[in-house]
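Here the structure comes first, spelled out in structure tokens, and everything after it is commentary.
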Amino acid sequence: MSGIAGVKQRSLLSRLFRTKNLDKILADSANQEHQLKKTLTAFDLVIFGVGAMIGAGIFVLTGAAAAGSDGHLAAGPALTLSFVLTGIICSFCALCYSEFSAMAPISGSAYTYAFSTMGEFVAWIIGWALVLEYAVGNMAVAVGWTGSIKAFLASTWHVAIPSWMVSNTIDTVSPEGLSGVDMSIVLQKIPFVIPFTDMQQVLLIQKAFNLPAFLIVWAVTALLIRGVSESASTAAVMVFTKTTVVLLFIAVGALFLFGGHMDVLQTNWFAHGWKTFAPNGLPGIVTGASTIFFAYIGFDAVSTAAEETKNPQRDIPIGIMGSLAICTLLYILVTSVITGIVPLHQINKEAAVVGAINFMGYPWASWMISVGAIAGLTSVLLVLQMGGTRIFYSIARDGLLPKALAKVHPKFQTPHICTILMGLFVALGSGLLPINLLAEMCNIGTLGAFMIVCIGVAILRFTDPDRKRPFRAPFGILFPALGTIGCIYVMSGLPTFTWVVTGAWFLLGMALYFGYGIWNSNLNQEEELEVELLS
């Protein structure tokens, strides 16, 4: 009887923090019923990482972060330092991701790592955050994709898409921001104010739907159902196209500046010293970092593909660190060109790269940049959608969501049910919600995931020190600690409204976990079986 009582006591008192042994996680992943096809190489993983990171950060958010937007401090030319800051923080996190993913090449990423170190409840929280990160991040990218398509058609073919077809139903501004809005437009919407302790937000609801964003999400979803090898090939073509365009932009900007316009750089960066370079000082740099952190979720997407990688112990660290290094360098160079050439108040907040080309007087290149932006954002959609479905799949496989969701397609060997549900969620969100809110919500999920991975690596160093680590982050727990502190610091720059909306998402997650997951998880089923056997 004491044995039975002990099992019952464990299931009641330690239910939330029961962990799943890494050996068991690896064994479960080898289950033929749920096994994914191994087709990816180190090159494919670098392509996936670059595909996720080069796109939204450069083509959508750079202008708004540099020049400032409603409720956000302008980073100015010091946005280059914001990218340096985020790159350093991400490098600490990337080393931790590399160590964990080499030990446990499983598709669940930070969710799986948390399950093995901090327990089921923390794993659920971070898994729920990762679903938010990938789904909402893809919504933001889809909205940016629509903007690029709209600009391309207008400038190249002089085709104007009806506004109701390319607008989102919900938009957000501050009460002060209403002064800059056409009141005839406002009167066509339903405004109401949500008060907070230190700010207010006005939601404007109109009769509109972002149809291009909705359709591109479904096209990407169909491709992912077909298979990851096909998706990797498609991503490779798009990544090559957009990387070529980004390098062309950097080269054109360098020729413009060094071809007799260095005075422009001097004026835009140093006219009044540090005040010109960083108009809002360190707070502006941190705000810029928190805004553009959205662009760094690519290496997390690499780790979600571990279970479909041929040699994950070697290839995952290469994919993560390689894609991070390439993208950080390109981000800094592109930001330097934009802020060095275009005065801060003239930066195009919606299409900063194309705006800089036009400012230099090279309209012939604007269509090429638009093509690069479209290719870039499409590849981001592909990678983020894949990452989100793999997290969703891992959670369902562990029984925290209905296991029917974890079924693998008999022909394509892809988690088709998860892919379809994620596609529906992302497609609807991209048709209804504004890009600024989506990007900020994604940042919270990204930073939370990075922080949990860093903490998990540190914990596992003490709880399982003898485990074989094909890749090890150097200097003990120094880098995990620095990564954790850095994530918390950047999260402090996110606005209150974003925290409130994200809080609502986590309340929904708690309801699902305590209403279903905690009672139906694989670990709970195993504990109940143990009780039956002992009785």
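List of remarks:
- Taking ARG390, ARG15 and counting other C-beta atoms within 10 Å, the order from fewest to most: ARG15, ARG390
- Whole-Å distance, taken between Cα centres, linking segment 345-400 and segment 463-529: 27
- Across segment 265-280, rounded Karplus estimates of 3J(HN,Hα) from the backbone phi angles (6.51 cos²θ - 1.76 cosθ + 1.60, θ = phi - 60°) give 4, 4, 5, 6, 9, 10, 4, 10, x, 4, 5, 6, 5, 10, x, 10 Hz, Gly and Pro being marked x.
- 3J(HN,Hα) along segment 286-295: 5, 4, x, 5, 5, 6, 8, 4, 3, 7 Hz, from the Karplus curve 6.51 cos²θ - 1.76 cosθ + 1.60 with θ = phi - 60°, whole Hz, x for Gly and Pro.
- When the pairs LYS20/LYS403; LYS38/LYS411; LYS24/LYS468; LYS242/LYS411 are compared against a 21 Å limit on Cα-Cα distance, LYS242/LYS411 fall above it.
- Along principal axes, Cα extents of segment 293-342, largest first, whole Å: 45, 18, 11
- In this structure the amide hydrogen of GLY119, modeled in the peptide plane, comes within under 5 Å of the amide hydrogens of LYS20, none closer than 5 places in sequence on its chain.
- Between LEU40 and THR309, LYS310, the built amide H atoms are under 5 Å apart, and every one of these is 5 or more places off in sequence or on another chain.
- Whole-angstrom gap from segment 103-167 to segment 288-325, using each part's C-alpha centre: 15
- The percentage of C-alpha pairs in segment 454-535 whose separation is greater than 18 Å is 69%.
- Segment 350-393: proportion of alpha-carbon pairs further apart than 13 angstrom, %: 61
- Segment 335-421: radius of gyration and largest Cα-Cα distance (Dmax), Å: 20.8, 58
- Sorting the segments 305-316, 276-287 by their mean number of nearby beta carbons within 10 angstrom, highest to lowest, gives 305-316, 276-287.
- A simple rule links phi to the HN-Hα coupling: the Karplus curve 6.51 cos²θ - 1.76 cosθ + 1.60 with θ = phi - 60°, which for segment 306-317 gives 4, 6, 10, 9, 5, 10, x, 4, 9, 7, 4, x Hz, with x for Gly and Pro.
- Over all pairs of different C-alpha atoms, segment 268-359 has a mean inverse distance whose reciprocal, the Kirkwood radius, equals 15.6 Å.
- Sorted peptide list for 78-89, 452-463, 371-382, criterion being average Cβ within 10 angstrom, highest first: 371-382, 78-89, 452-463
Values quoted throughout were computed directly from the atomic coordinates according to the rules given, and no laboratory measurement underlies them. As the structure is a computational prediction, the values presented were derived from the model and not from experiment. Cβ sites come from the backbone with ideal geometry, for glycine too, and all protein chains shown count toward neighbours.
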